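Report on the structure given below.
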Amino acid sequence: MDDIDLIRKFKHGEAAAFNDIVLKYQDRIFNLCIYMLRDAHDAQDAAQDCFIKACRALHDFSPDASLYTWLYRIAMNTCLDSRRKRSRGQTDSDSTPEDLPSPQPSPEKLYESKEISAAVRGALQKIPEKLRATIVLREIEGLSYEEIAEILDISSGTVKSRISRAREELRSLLRHKF
Amino acid sequence: MKCKYAKKLISPYIDGELTGAEINQFIEHIEVCAECRHELEETKDLSRMFASAERASAPYGFNTRVLAEVAADKNSWNRLSNIFRPFFVRAAEAAFACIIVIVGIISGSMLITKTATPANAVEIRTAFHLDAFEAAPPDSLGGVYFAITGAPDEK
């Protein structure tokens, strides 16, 4: 069932339609949150908040827009808010990342991908927030510059320059891992 | 193409965001510039690193927890509206009652003003006056009481 049908059903009061939306996007949203926040618990809270906010606002959602772009925007804003709140209190951004529930290939691959993920997530926390948001949407979610511009409410030119700067900083942080 | 400009095109080139003419110019430069070629390779390595990083899945039961939170969220909104609902209903009832009384007084007053002639105006107004009611008619229990006790009859 496509997104338009799910939204139409939700607007007609079918609660199961919202469950289908959550099931369809929960992995992508959670993955985005984990790369933005690093900590699995914070990511889970942020992903959950994202869907609660989406549920509140879904009745006003225009079918002209893309649901996943809209959800990504909510998730990204929730992650940025979460980081700001955390940085106002105490922060332990360099803490060891927790094990993540993920599809598990071979042990070697798993070890390799876990090591790479840890290095990537660690490096992401060291670059400015705006650059992190942009590069995560590009590298982790594989979105186009236009889609990223729409989600972050910036121009495609700004996306282009932020991605270049983010990669430049990440290259110098991760050079020894290549 | 100068290196400064070519370096700006590395990311859009990898991401497939360059136009045909730009791609050709960029490739021509990369073929002759070792420094830019090295930077391009490093950026490609970085992208490969992202691609091989593990993708996290939402924890088991995530959707159930979201739905429970959504239900709790809706209930809290309903509770909030229930707290204020009786107040609004009562306020509306009181306002409606006041309007009815005011309309009654105004229409009654207008009725007297319109129907009364100079001759019977005094009679009508007297009819509404409390003095028109006899406090204790002589054949009533009060009248008998006053007759026995000899209370002064004001009438």
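List of remarks:
- Applying the Karplus relation 6.51 cos²θ - 1.76 cosθ + 1.60 with θ = phi - 60° to the stretch B:14-28 yields 3J(HN,Hα) values of 4, 7, x, 10, 9, 7, x, 5, 5, 4, 4, 4, 5, 4, 4 Hz, where x marks Gly and Pro.
- The HN-Hα couplings worked out from phi for the stretch A:69-85 by the Karplus form 6.51 cos²θ - 1.76 cosθ + 1.60 (θ = phi - 60°) are 5, 5, 5, 4, 5, 4, 4, 5, 5, 5, 5, 5, 4, 4, 5, 5, 4 Hz, whole numbers, x standing for Gly and Pro.
- For the stretch A:1-75, convex hull of alpha carbons as volume per residue, Å³: 76 Å³
- Dividing the convex hull volume of the alpha-carbon atoms in the stretch B:3-52 by its residue count gives 66 Å³ per residue.
- Proximal lysines to A:Lys160, defined as alpha-carbon separation beneath 28 angstrom and excluding residues fewer than eight positions away on the same chain: A:Lys126, A:Lys130, A:Lys177, B:Lys2, B:Lys4, B:Lys7, B:Lys8, B:Lys44
- Taking label positions 7 Å along the Cα-Cβ direction at both B:Ala92 and A:Ala16, the computed distance is 3.5 nm, reported to one decimal.
Readers should treat all values here as calculations from the given coordinates under stated rules, not as data from a laboratory. Owing to the predicted nature of the structure, the values given are computational and were not obtained by experimental measurement. Here the Cβ is made from the backbone with ideal geometry for all residues, glycine too, and neighbour counts use every protein chain on show.
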